[in-house]
1. All but one of (1) touching a Leu at 6+ places or on another chain (Cβ under 9 Å); (2) surrounded by 17 or more Cβ atoms within 10 Å (Cβ to Cβ); (3) under 18 Å from Ser258 (Cβ atoms); (4) not basic (Lys, Arg) hold for Leu134; which doesn't?
2. If we keep just the residues of the stretch 80-118 that are farther than 19 Å from Asp304 by Cα, of a type in the set (D, E, K, R) and surrounded by 14 or more Cβ atoms within 10 Å (Cβ to Cβ), which is farthest from the chain's Cα centre (by Cα)?
3. Specify the residue that is farthest from Leu201 (Cα to Cα); the eligible residues are those in the stretch 55-94 that are part of a strand (DSSP E or B) and in contact with a Leu (Cβ under 8 Å, 6 or more places away or on another chain).
4. Go over the candidates Val371, Val318 one by one and state the one that is out of contact with any Ser or Thr (no Cβ under 9 Å at 6 or more places or on another chain), under 30 Å from Ile142 (Cβ atoms) and either at pLDDT 95 or above or of a type in the set (Gly, Ala, Ser) (or both).
5. Looking only at residues in the stretch 273-315 that are touching a helix residue (DSSP H, G or I) at 6+ places or on another chain (Cβ under 9 Å) and of a type in the set (D, E, K, R), which one is nearest to Asp40 (Cα to Cα)?
6. Quick check: is even one residue across the stretch 50-72 more than 16 Å from Val318 (Cβ to Cβ) and touching a residue at least 40 places away in the same chain (Cβ under 8 Å)?
7. Please work out which one of (1) touching a residue at least 24 places away in the same chain (Cβ under 8 Å); (2) farther than 17 Å from His270 by Cα; (3) over 21 Å from the mean Cα position of the chain (by Cα) is the condition Arg370 fails and give its number.
8. Condition first: under 30 Å from Phe79 (Cα atoms) and either charged (D, E, K, R) or assigned to a strand (DSSP E or B) (or both). Now tell me which residues in the stretch 103-161 satisfy that.
Amino acid sequence: MSDVISPTMPKFDLAPRPDHVPEDRVIDFDYMNPELAGDDVYTALKRLHTGKDILWSPRNGGHWIAGRADDVRWIQENFDIFSHEETFVPRGTMRVVMPPLTVDPPLHARYRAVYNPFFTASRVQQMAIRARALTIELIERIKPRGECDFVHDFAHIMPVVMFFGIVDLPLDKREEFVEHAVGFVCASDQAGRDRNLAPMLAYLREVIDERYAHPGDDLFSKIAAWRDNPRFNGEDEIIGMALLIFLGGIDTVASLMSFVVWHLAEHPEHRRRLREEPDVIPRAAEEYIRRFGLSNTARLIKRDVERKGVTMKKDEMVMVFLGASAVDERAYPDPFNVDFDRVVAPYHNEPGHNTFGHGPHKCVGRPLARVELKIFLEEWLRLIPEFRLDPDHPPVSRMSNVNGVETLRLKWDV
């Protein structure tokens, strides 16, 4: 293993290579502290495609790596082997159980049923009306300025406000919630995770108690009502259910929109086509979802399993990198290129990419995410058709459990 570890890298956090891990599978890759060297996170993730398909990293307690599209899909579907009980590395890092994400079938379905009614087609269509009005309002507010930090001025407002409507939270706490949620997702050590987790849990406990006493028609009220379910198994699962939707609602769509706008700022031909051919927008949105896979999550291996020449052992961890899957040339020719006419064969009646997952744990909020992105493309390109990156403030991306953009400064002529 010594030949793959830079002598300048600290050695204290490196796990020893297990005997069953071949030397040619070892890669020194720390997804919480990647060597971006000026590249965006997807260029860094593409490095996982050099050499063998399934790799092993000594970082973060030691874990397997799956970055090829077929391996990612295989792991997503085989939940009986690759458990969601642990979704962070090192094992034990996440101190809160978050049903249904961290619960496997068949128990998974009982928690999922609480969320499902809030993301039906009819509900999403109702939310789309509000999403469009909010999108127009925000864009018209920043348009006269001729510049913005897209992450701060739009991405961390529009989808977050939509989420707050689902759970009926006060908007005056938006910035505080975004700070803690992003801080938790991006923390590079346990102390950082715990520091941001504590205030979120404290607030959610207050909200759940209040919604239990005075229920409404919002999602947090339905989660609080789980206390009365005969399958109720303690307060931890209620708080975990609230935390899961809280984290998912605040950062993921914001990150997706930021990567999309970054790309559009550098590709005027894509902006022009979307304006001139609005019927292309639904396909474009799906292609952007394919191109910018966001999450990097772990699985706990429940039994020994062989795959592509290696044996992954029971109780080991494997990281699943959706961003690497997104740029796999075997699945998507010229994968870095955003091609609105790309034809990808559907998979089990779902689009042929892995971004929203497969199997029972696929993203419950995917209908709303699609609608929000489509509406954003329609309205932003109508109101601010020409824009560019601020040359004095280059974009900054990050890799963590959710890939994202730290800052994205834009300019346009007023």
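1. All conditions are met except number (1).
2. For the stretch 80-118, the residue satisfying everything is Arg110.
3. First, pick out the residues of the stretch 55-94 that are part of a strand (DSSP E or B): 55-57, 63-66, 82-83.
Within this subset, residues satisfying the condition of being in contact with a Leu (Cβ under 8 Å, 6 or more places away or on another chain) are 55, 64-65, 82-83.
Values: Leu55: 35, Trp64: 31, Ile65: 31, Phe82: 28, Ser83: 24 Å.
Per the criteria, the residue is Leu55.
4. Just one listed residue meets the conditions, Val371.
5. So the first thing to find is which residues in the stretch 273-315 are touching a helix residue (DSSP H, G or I) at 6+ places or on another chain (Cβ under 9 Å), and the list is 273-275, 278, 280-282, 284-286, 288-297, 299, 307-310.
Pick out the ones that are also of a type in the set (D, E, K, R) and you get 273, 275, 286, 290-291, 299, 307-308.
On the way: Arg273: 25, Arg275: 27, Glu286: 21, Arg290: 16, Arg291: 13, Arg299: 25, Arg307: 30, Lys308: 29 Å.
My answer is Arg291.
6. Let us first name the residues in the stretch 50-72 that are more than 16 Å from Val318 (Cβ to Cβ), namely 50-51.
Still in the running and touching a residue at least 40 places away in the same chain (Cβ under 8 Å): none.
Within the stretch 50-72 (the criterion being more than 16 Å from Val318 (Cβ to Cβ) and touching a residue at least 40 places away in the same chain (Cβ under 8 Å)), the answer is no, since none of the residues qualifies.
7. For Arg370, the exception is condition (3).
8. Selection gives Asp104, Arg110, Arg112, Arg123.
The values are calculated or read from the model by the stated rules, or taken from the named source; none is laboratory data. Note that this is a predicted model, so its numbers are computed, not measured. FYI the Cβ positions are ideal-geometry reconstructions off the backbone, even for glycines, and counts take in every protein chain you see.
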